[in-house]
1. Restricting attention to the stretch A:91-125, and to residues there that are in contact (Cβ under 8 Å) with a residue 24 or more places away in the chain and of a type in the set (A, V, I, L, M), which single residue is farthest from A:VAL47 (Cα to Cα)?
2. Can you pull out the residues in the stretch B:159-206 that are closer than 30 Å to A:GLY111 by Cα, crowded, with 19+ Cβ neighbours inside 10 Å and more than 10 Å from chain A (Cβ to nearest Cβ)?
3. Just to be sure I understand the filter: pairs with C-beta atoms under 8 Å, separated by 6 or more residues or on different chains, first member in the stretch B:220-241 and more than 9 Å from every other protein chain (Cβ to nearest Cβ), second member of a type in the set (Asp, Glu) and in a helix (DSSP H, G or I). Which pairs pass?
4. Scanning the stretch A:76-90 for residues that are without any contact (Cβ under 8 Å) to a residue 24 or more places away in the chain and exposed (fewer than 14 other Cβ atoms within 10 Å of the Cβ), which turns out nearest to B:LEU169 (Cα to Cα)?
5. Looking only at the stretch A:40-64, count every residue that is of a type in the set (A, V, I, L, M), free of Cβ contacts under 8 Å to residues at least 24 places away in the same chain and closer than 15 Å to B:ASP228 by Cβ and tell me the total.
6. Step by step: first the residues of the stretch B:219-247, then only those that are assigned to a helix (DSSP H, G or I) and among the small types (Gly, Ala, Ser), then the one that is surrounded by the most Cβ atoms within 10 Å (Cβ to Cβ). Which residue is that?
7. In the stretch B:63-94, what residues are within 18 Å of B:HIS299 (Cα to Cα) and loosely packed, with under 12 Cβ neighbours inside 10 Å?
Amino acid sequence: MNDMPKIIIGLVIFLMLIGFPLWYNVANDKAGYVPDMELPDTADQCVRDTEWMRTNHMDLLNDWRDLVVRDQQRFEANQVSQQMEMSLSNTCMDCHDNKSTFCDRCHNYMGVQPYCWDCHLEPEEAI
Amino acid sequence: MKLVLSVLAIIVLALVPWVGVSTMGLHTVFGVVLPYLAIAIFLVGFVWRILDWARSPVPFRIPTTCGQQKSHSWIKQDKVENPHSFWSTVGRMLLEVLFFRSLFRNTKAGIKDGPRLVYDSSKWLWALGMAFHYSFLVVFLRHFKYFAEPTPDWVLGLQWVDNFFQVGLPVIYLTDVLLIGAVSLLFIRRLWSPQVRYISLASDYFPLLLILGVAVSGVWMRYFAKTDILAVKQLGTGLISFSPVGADVLSGIGAVFFIHLFLVCCLFIYFPFSKLMHLGGVFLSPTRNLANNSRMKRHINPWNPEVKVHTYDEYEEEFRDVMKAAGLPVEKE
């Protein structure tokens, strides 16, 4: 006499729980999706290199905010301009003027919820 | 020696993927082949060990009881400490599994003025254990976002709570701090207390250090040596849907990610062979998961040898004539 049936039920529940991504992806059929960000055609160069921006843009924005808000330093020299305003709304969104096809595509894919837009207004998008 | 061996093992394990990826370019081995191998070993090993335990016979009730058992209606039963029904046993198990109740009762012997021996309640191990296990669970569940597309809402909710205080950028996860803090203190406890140190084996140090290595490499990647997580999610969703990404995506991921992934793979491979199996084993603790119903239900040991008996009825049946002839009383004429 042993508790084999009960234990097998428990084991099946465990496997279903840890296999969540597997059946979730099968149900949604989106596992192959890769976000495609729309790049601006007005400029050919960003304030930093693309590779660096891909991984570190949040640090740049954070540093910019601290410099502007705490040190009253509003401009920086970078590879685009000697007098670039350090501003999300005025500089970044000037070229990347569509939040939903640039920022959101990647953030939604990665499940990242940045709080930029708690304060900043996003530019009005042409429909 | 056990400690030195464990530390060395972790260092070597962290160096292997670093060398393999950055100098030998074995991205596919460390990014695709090894994760599949690790998951396969984990799943097969886990199921095999649980089934091995499940085959053990459970002939008798052996729950540890420390309260009034079910008795007359006017004697109050302690249902948690001495459960007699299925559902009170489930309640006891839930408290054990979710809140580590046995550990909560931990005591520490000490000598007070007198001198007299006293047993103080000692909650440190319980508190650290709770902090460690629950933050590890949240960290584990948060990682589902690298495998599930679209990112499930409950993962976002978990993240939102975990990010609640919005400290730093990227926002520091509370569970990251709790996990590393708790696992470090649990490790220090093994070294600090002479009694615990005496009974500690390499199989105690190694998993703690391995989990610490996983956590530190993950935190290092999130806050310092950043890597392209877009490619990481492509790798994750590719692995889970059995269409792994090619070398072009893999080569864009930093070496620190491969260290993290390799340590996680080691954890998965090591899991079924180690004390970490208490994940499944806790549910099979016979001193907790059995109802104390020995006085209500007869439990017969299935492998008791068959006892040959000869009842009085059979005896009389056999010797009735002889007994009658001898003038002995019989029950049936």
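1. A:LEU121
2. B:ASP162, B:TYR173, B:THR175, B:ASP176, B:LEU178, B:LEU179, B:ALA182, B:VAL183
3. Every condition considered, the pairs that remain are B:ARG222/B:ASP176.
4. Filtering the stretch A:76-90 for residues that are without any contact (Cβ under 8 Å) to a residue 24 or more places away in the chain and exposed (fewer than 14 other Cβ atoms within 10 Å of the Cβ), the one nearest to B:LEU169 (Cα to Cα) comes out as A:ASN90.
5. Within the stretch A:40-64, the subset of a type in the set (A, V, I, L, M) is A:43, A:47, A:53, A:58, A:60-61.
With free of Cβ contacts under 8 Å to residues at least 24 places away in the same chain added as a condition, the list becomes A:53, A:60.
Okay, now just the ones that are also closer than 15 Å to B:ASP228 by Cβ, so A:53.
Residues flagged as of a type in the set (A, V, I, L, M), free of Cβ contacts under 8 Å to residues at least 24 places away in the same chain and closer than 15 Å to B:ASP228 by Cβ within the stretch A:40-64 amount to 1.
6. Pass one, the stretch B:219-247, residues assigned to a helix (DSSP H, G or I): B:219-223, B:229-240, B:247.
When the remaining residues are screened for being among the small types (Gly, Ala, Ser), the result is B:231, B:236, B:238, B:247.
Numbers: B:ALA231: 21, B:GLY236: 24, B:GLY238: 21, B:ALA247: 12.
Filtering first and then ranking leaves B:GLY236.
7. B:PHE86
Conditions tested, residue by residue: (1) in contact with a Pro (Cβ under 8 Å, 6 or more places away or on another chain); (2) not in a helix (DSSP H, G or I).
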| residue | (1), (2) |
| --- | --- |
| B:LEU276 | yes, no |
| B:GLY281 | no, no |
| B:THR287 | yes, no |
| B:TRP303 | yes, yes |
| B:HIS310 | no, yes |
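The values are calculated or read from the model by the stated rules, or taken from the named source; none is laboratory data. Please read all numbers here as calculations on a predicted model, not as lab measurements. Neighbour counts run over all protein chains shown; Cβ positions are idealised from the backbone, glycine included.
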